[in-house]
Amino acid sequence: MELTYVPLYAVLVSLAAVPFILLSSKKPNLREFWTILAGVIKFLLVLTLLPSALQGNVIELELLEIAPNIPLVLKADTFGVFFALIASGLWIFTSFYSIGYMRGHKEKKQTRYFASFAVCLSSTIGIAFSGNLLTFIIFYEMLTLATYPLVIHSESKKAIAAGRKYLSYTLTAGLLLIAAAGITYSLTGTLEFRPGGIFGDTNLTSTMAVTIFLLFLGGVGVKAGIMPLHSWLPSAMAAPTPVSSLLHAVAVVKSGVFGVIRVVGFIFGPDVMAQFGLNDILMVLAGFTIIVASLLAFAQDNLKRRLAYSTVGHLSYIVLGVALLTETGLVGSIMHISFHATMKITLFFCAGAIMVNLHKKNISDLNGIAKVMPWTMAAFTIGSMGLAGIPPVNGFVSKWYLAAGALEGGMLVPVIIFVVSGLLNVGYFFPIIHRAYFKKGGPELEGHTEASPFMVVPLFGTAVLSILFGLNPDLFFNFFDMASSVASTIFNSI
Amino acid sequence: MIGSEIPALIPVTYVLFAILIPLIGLWKREIVWHLSLLGTGITSFLSAWGFLHLINTGETIRYYFGGWTPPIGIEFVYDGLAAFIVLVINTIAFLVLIHSKEISKLEFPGKKMPYYTITMLMMLGFNGMVLTGDLFNLYVFLEISSLSSYALIAIGEKRAPYASFRYLIIGTVGGSLYLLGVGFLYTVTGTLNIIDMHAMLPQVIGHSSVVAALILMVIGVGVKAALFPLHGWLPDSYTFASSSSSALIAPIGTKVAAYILFRVLLFLFGVDLIDDQLPVTTIIGIFAGIGILYGSIMAIAQSEMKKMLAYSSVSQIGYIIMGISLANPFGFIGAVLHVLNHALMKALLFLVSGSLRSKEGHSLITKFNNSYRKKYPWTMAAFTTAAISMVGLPPLAGFFSKWYLALGTIENSNWILLAVILISSLLNAVYFFRILEKVYLNDPEEESTEDTEIIENNEVGFTMMFPMAVMALGLLVVGIFNAYIVNIIFTMFPAGF
């Protein structure tokens with residue numbers, strides 16, 4: 001089968017669904033049918049790219065010259081397929097969950113919601129398949145814009161404030177990225193993502209290298225939630241929960257860390273990173289973020305906000321793994337992109353199910369809910385265990401490689417950070433589980449049962465996936481093989 | 001072959017229609033609108049034809065009036081840059097005039113005939129300024145366009161004549177300074193022809209008259225282009241003029257003035273000579289940079305949409321002049337591309353404000369609310385497109401002019417101007433998202449009215465919607481296919497790049 005155009009179709013399919021979604025705004029079932037259809041087609045399209053990606057082939061499609069010498073190019077390399085697979089796969093789960101959540105919550109303007117969601121997914125897949133920096137920026141800004149209507153969805157004062165905050169952070173980031181790209185282009189004459197970097201032959205001074213790197217970091221670091229650029233993320237929890245689940249645990253924030261890896265591995269390259277000590281900057285920031293975010297998570301009583309801070313911490317696991325500049329560390333990082341996705345989406349799904357079903361947002365109100373919502377809380381327990389790094393959930397596997405990567409580089413501090421943060425994870429998740437299972441619930445719980453199957457099935461599904469990937473990371477999609485292949489192309493490119 | 005006559009045919013068409021409209025208008029009032037469309041339609045067609053002809057042959061057309069060769073006679077120089085600008089301004093004028101049908105009924109019902117006559121004269125002036133190859137002839141066209149735009153602005157709200165008078169005073173001073181500069185140059189070089197003078201300037205560049213001339217011309221043209229701090233006339237003029245006049249003058253007038261800066265700085269003096277005596281480009285760059293920020297900040301402070309757009313114009317013209325001041329290929333590309341992009345964006349935005357005024361009777365941002373989303377879905381969609389392009393988000397056109405300008409600043413290692421471009425985009429986001437929030441979202445302070453009140457679709461008619469839709473689509477097309485345009489701009493480079 002001819003695969004050349006598959007990346008383009010994968011990007012466009014959800015965009016093509018938008019008019020259908022808008023036209024069927026009066027018929028909710030038909031409207032959601034388009035979303036699911038687009039989701040399934042998108043996933044299958046990405047799946048057809050998997051075999052070639054596993055062999056290390058790169059499918060490149062040059063669409064048009066968007067600026068002189070800079071083509072708009074889609075490139076499905078192993079890393080891109082890896083990210084696209086996660087985003088499109090979890091979109092299907094989220095779509096089902098959205099139906100249960102949005103209808104259960106009687107949300108308004110659902111058409112706008114589903115349409116924006118579809119645009120977000122197109123942008124995310126576009127980011128995954130971007131072959132050069134300018135293409136990346138185009139989809140990156142599209143994602144910013146398409147996420148905005150979702151953040152302000154409830155149109156409450158809080159949501160609008162969160163939307164403004166979100167825009168001011170992400171638009172600034174986009175501009176820094178443009179500046180970084182411009183300088184890179186004027187130095188190297190190319191914006192291509194090349195394994196091992198494009199700065200190899202350039203005479204960089206130390207100040208120049210640090211400046212460009214910081215500009216890049218400002219650009220991708222906002223979406224990656226690296227402190228001190230993270231504070232939009234907890235505010236953005238004002239969005240409906242499915243948005244928090246897919247976008248603020250998977251698509252948007254992972255686009256940020258995806259960008260970090262593209263910048264480190266494909267623009268600068270490990271050698272240049274090490275030469276100018278750029279990885280140290282990254283390591284300090286990420287290490288700091290992991291610990292502080294975990295501590296801040298303790299202070300949150302709102303369940304979604306606690307999850308948001310946990311996300312900030314875990315995103316920096318990935319960044320720290322990249323900063324180690326060891327092959328094993330990078331494998332751990334890349335696997336954590338997918339594994340954190342399945343775990344955190346489960347937890348957000350649970351938080352949303354609790355909110356719709358019991359109208360409870362705060363952790364202090366969760367006493368005894370496991371009796372009412374056994375499936376949801378079981379899934380929640382699995383997700384929390386995984387994030388704390390307890391086997392057999394998949395979080396253990398990626399964390400193992402992250403720690404091994406640190407040791408491979410002869411660095412002890414990162415290992416300590418991973419261990420301490422693991423304990424902190426236990427610390428802030430365990431009280432929730434304890435309340436739900438062992439404390440006696442109030443009278444308001446009577447008469448309530450488990451949430452709608454539209455929510456429970458997806459959330460339990462992702463929990464089961466988390467365990468399955470923990471038992472065998474190569475199950476279904478060969479996540480481990482793909483991660484190692486990406487890491488080895490970056491480190492053995494010369 | 002008609003191709004070589006095009007430089008003359010375009011202004012002649014405008015002269016013809018400037019005479020036809022009052023003659024026929026006296027007899028049949030209703031058809032002046034159709035006549036003005038016919039006039040701009042013909043010139044748009046001619047400019048498109050000429051532009052394509054020029055791309056295909058790659059030859060600059062030099063048209064000698066009356067067969068007199070320069071430096072004795074006056075010539076029109078139809079090169080890539082002139083052809084491009086002429087195409088942009090005539091097409092924009094055509095689209096804006098389509099939109100003016102409804103506006104003319106509402107805002108100046110008894111003055112249609114003079115309005116369209118003056119419009120033709122103004123377009124004659126603008127086209128002449130772009131096409132002419134003679135500095136004094138340029139001044140003549142400058143005055144034609146200026147006098148007609150004073151009149152055009154005066155046809156507006158109650159305060160319009162006052163704003164117009166102010167513009168008249170400042171504009172006349174500007175024009176005179178330009179003329180004085182031309183006079184100084186003439187005394188040293190003995191010629192008024194741009195190409196001729198360009199060849200002579202290296203021998204006299206150290207002469208104090210040349211330095212004085214350069215300063216006078218830049219200030220004079222700077223007034224017309226509303227380069228900060230010479231922009232004082234602009235905000236009131238654009239605000240109080242009728243919506244059609246603002247939509248016509250804002251995208252075209254200042255662009256043509258900026259075009260003269262292109263000619264004077266990069267073609268007449270050229271990159272080699274321009275900074276020979278004084279750091280002219282640096283100084284212009286500084287003022288452009290301040291203007292960009294000042295315009296954006298003032299735009300945020302406005303509560304009237306047209307006034308906001310007027311200040312935004314001050315800022316955007318700064319982009320173009322900054323691009324010129326960089327005096328490098330990327331800056332040039334960015335500036336030329338931004339002439340097109342900003343013409344599309346600003347015309348579209350002024351048309352939206354005009355459409356809103358025709359329906360709501362005002363364009364006060366404070367009174368905007370989320371019923372507009374249902375009442376004018378397509379107008380608002382067009383507005384959103386223009387707003388996003390102004391903010392500079394890809395893949396819309398605005399992003400790319402910003403990208404090339406940014407590359408231009410990087411090439412000169414001018415980090416301050418790079419920061420200015422980026423910060424200004426954020427400021428644009430502030431004043432446009434403020435409106436978008438009002439139009440698309442419920443006001444959380446108020447009770448939601450949406451469920452209780454049924455809002456009827458009250459979209460503007462075809463003659464208003466069509467030009468707005470074309471421009472909105474244009475922004476997308478120009479954005480995606482900007483490389484084709486940029487490849488053409490490559491052929492317009494002045495010598496020395």
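Each reported figure results from applying straightforward, stated rules to the coordinates on display, with no laboratory input. All values derive from a computational prediction rather than experimental measurement. Methodologically, a virtual Cβ is constructed for each residue, glycine included, from the backbone with ideal geometry; neighbour enumeration extends over all protein chains shown.
Report, in deg cm²/dmol and to the nearest 500, the calculated mean residue ellipticity at 222 nm for chain A, where each DSSP H run with n ≥ 4 adds -39500 (n - 2.57) and the sum is divided by the residue count.
On the way: 20 runs with 351 residues, N = 494.
Result for chain A, helices only: -24000 deg cm²/dmol.
When a footprinting reagent is the concern and you count Cβ atoms within 10 Å, what order do B:Ile21, B:Ile170, A:Ile416 take, fewest first?
Numbers: B:Ile21 27, B:Ile170 19, A:Ile416 14.
Lowest count first: A:Ile416, B:Ile170, B:Ile21.
At most 15 other Cβ atoms within 10 Å plus a DSSP loop assignment makes a site exposed; report the longest stretch of chain B without any exposed trypsin sites (Lys or Arg not before Pro).
On the way: sites that count: B:Lys28, B:Lys158, B:Arg159.
Segment B:160-497 is the longest.
Please give me, ordered by residue number, the GluC sites (Glu not before Pro) of region B:1-80 that lie in loop per DSSP and have at most 13 other Cβ atoms within 10 Å. Spell out each step's value before the answer.
Values: sites: B:Glu5, B:Glu30, B:Glu59, B:Glu75; in loops: B:Glu59.
Counting only loop positions with at most 13 other Cβ atoms within 10 Å, the GluC sites (Glu not before Pro) in region B:1-80 are B:Glu59.
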Cα gyration tensor, region A:1-79 - rounded (a/c under 1.5), prolate or oblate: oblate
Dipole axis of region B:282-497 (+1 Lys, Arg; -1 Asp, Glu on Cβ), positive-most option in B:Tyr440, B:Met471, B:Ala406: B:Ala406
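When the convex hull of the Cα atoms of region A:337-494 is projected onto a plane and the area is averaged over all directions, what value comes out in nm²?
Working: hull surface 41.7 nm².
Computed as one quarter of the Cα hull surface, the answer is 10.4 nm².
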Descending principal axes extents, chain A, alpha-carbon based, whole Å: 70, 54, 43
All-pairs Cα distance distribution in region B:282-497, expressed in whole percent, bin size 10 Å: 9, 33, 32, 17, 7, 2, 0
Summed residue charge, Cβ within 12 Å of B:Ala163's Cβ, Lys/Arg positive, Asp/Glu negative: +3
Cα-based Rg and Dmax for region B:127-259, where Dmax is the largest Cα-Cα distance (Å): 15.8, 53
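What pairs from A:Lys109/B:Lys375; A:Lys26/B:Lys374; B:Lys255/B:Lys306; B:Lys101/B:Lys158; B:Lys112/B:Lys374; A:Lys157/A:Lys440 go past 27 Å between their alpha carbons? Each step should come with its number before you reach the end.
Numbers: A:Lys109/B:Lys375 17 Å; A:Lys26/B:Lys374 15 Å; B:Lys255/B:Lys306 18 Å; B:Lys101/B:Lys158 21 Å; B:Lys112/B:Lys374 32 Å; A:Lys157/A:Lys440 35 Å.
Over 27 Å Cα-Cα: B:Lys112/B:Lys374; A:Lys157/A:Lys440.
Counting each pair of different Cα atoms once, what's the Kirkwood radius of chain B in Å, rounded to one decimal? Can you show the working numbers first?
Details: mean 1/r = 0.0441 Å⁻¹.
Evaluated on chain B, it is 22.7 Å.
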Whether region A:25-64 is rounded, prolate or oblate, judged on the alpha carbon gyration tensor where a/c under 1.5 counts as rounded: oblate
Charge sum, other residues only, whose C-beta stays under 15 Å from B:Asn341's C-beta, Lys/Arg counted +1 and Asp/Glu -1: +3
Charge dipole magnitude, Cβ of K and R +1, D and E -1 - region A:6-491, Cα centre, debye nearest 20: 1940
Under 13 Å, Cβ to Cβ, from A:Asn132 - net charge with Lys/Arg +1 and Asp/Glu -1: -2
Helix A:327-358 vs. chain A, principal-axis angle (Cα, 0 to 90°, nearest 10): 30
Distribution of pairwise C-alpha distances over the protein assembly as shown, 20 Å bins, in %: 14, 41, 31, 13, 2, 0
Loop-located trypsin sites (Lys or Arg not before Pro) in region A:21-102, at most 16 other Cβ atoms within 10 Å (DSSP): A:Lys26
Ascending count of other beta-carbon atoms within 10 Å, so fewest first, for A:Thr144, A:Thr462, A:Thr202: A:Thr202, A:Thr144, A:Thr462
Overall form of region B:116-173 per C-alpha gyration tensor (a/c, 1.5; a/b vs b/c): oblate
Sorted by Cβ density within 10 Å, fewest first, the residues A:Glu141, A:Glu446, B:Glu437: A:Glu446, B:Glu437, A:Glu141
Size descriptor, Kirkwood hydrodynamic radius, that averages inverse alpha-carbon separations across region B:1-154, Å: 15.9
Given charges at beta-carbon only (K, R positive; D, E negative), |dipole| of chain B in Debye: 780
Residue-averaged beta-carbon neighbours from other chains (10 angstrom radius) around A:174-187: 6
